[in-house]
Amino acid sequence: MSKVGISEVGIMTVAASGDISANQFQPVVINTNGQLAVSAATTDHVIGVLQNKPAAAGEAGEIAYAGQVTKCKAGGTWAIGDLLGPDGSGAAIAVTADKARCFARALMVAASGDYGTVQLIGPFTLSV
């Protein structure tokens with residue numbers, strides 16, 4: 001069973017599934033074992049963005065979640081106001097398609113590989 005806690009206002013903690021220290025500021029999910037993992041599919045229900053660098057399974061991953069403003073890795077180009085979803089590779093992309101998964105809104109322009117500022121607003125499924 002997963003232990004989920006609140007370490008400070010706007011930060012949730014979940015035990016990491018492994019070494020995800022290279023994935024700070026990337027979208028994350030809670031896997032079927034109740035552990036924190038980096039988003040690996042465009043269909044993932046992203047719960048937030050990783051804020052720290054847990055280096056081993058069981059270490060606490062700190063997650064900014066809906067309502068918070070944070071940095072996030074861009075997997076493509078964003079414009080201000082774009083809705084963002086997971087790209088399947090641990091980054092966020094602008095989404096517009098019906099039934100796309102969304103978890104954030106871009107607050108600045110960003111290019112692929114940049115770390116842009118986002119407001120976390122999901123997860124939800126886009127309906128257009």
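Nothing in this text is a laboratory measurement; each read-out follows from the coordinates by a stated rule. Computed from a predicted model, the values in this text were never measured in an experiment. Methodologically, a virtual Cβ is constructed for each residue, glycine included, from the backbone with ideal geometry; neighbour enumeration extends over all protein chains shown.
Summary of values
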| item | result |
| --- | --- |
| Given (1) 6.8; (2) 10.3; (3) 8.2, the label whose value is mean projected area of the Cα convex hull in nm² derived from this model | (1) |
| Residue-count net charge about Thr117 - beta-carbon cut-off 13 Å; Lys, Arg +1, Asp, Glu -1 | +1 |
| Nonlocal amide H pairs with Gln68, under 5 Å, H built at 1.01 Å | Leu120 |
| Potential extension, Ile80-Ala22 segment - 0.36 nm per residue separation minus Cα distance | 18.2 nm |
| Estimated dipole of the chain in Debye, rounded to 20 [Cβ of Lys and Arg +1, of Asp and Glu -1, Cα centre] | 100 |
| In the stretch 91-128, the chymotrypsin sites (Phe, Trp or Tyr not before Pro) that fall in loop regions by DSSP, at most 11 other Cβ within 10 Å | none |
| Positive-end extreme of charge dipole, the chain - chosen from Ser39, Ser89, Ala104 (charges on Cβ) | Ala104 |
| Eligible aspartates and glutamates near Lys99 by straight Cα distance, threshold 17 Å, same-chain separation 8 or greater | Asp44, Asp82, Asp87 |
| Of the trypsin sites (Lys or Arg not before Pro) in the stretch 46-128, those whose Cβ has at most 10 other Cβ within 10 Å and which sit in DSSP loop | Lys99 |
| Aspartates and glutamates with Cα under 19 Å of Lys53, excluding same-chain neighbours fewer than 8 positions away | Glu8, Asp19, Glu62, Asp114 |
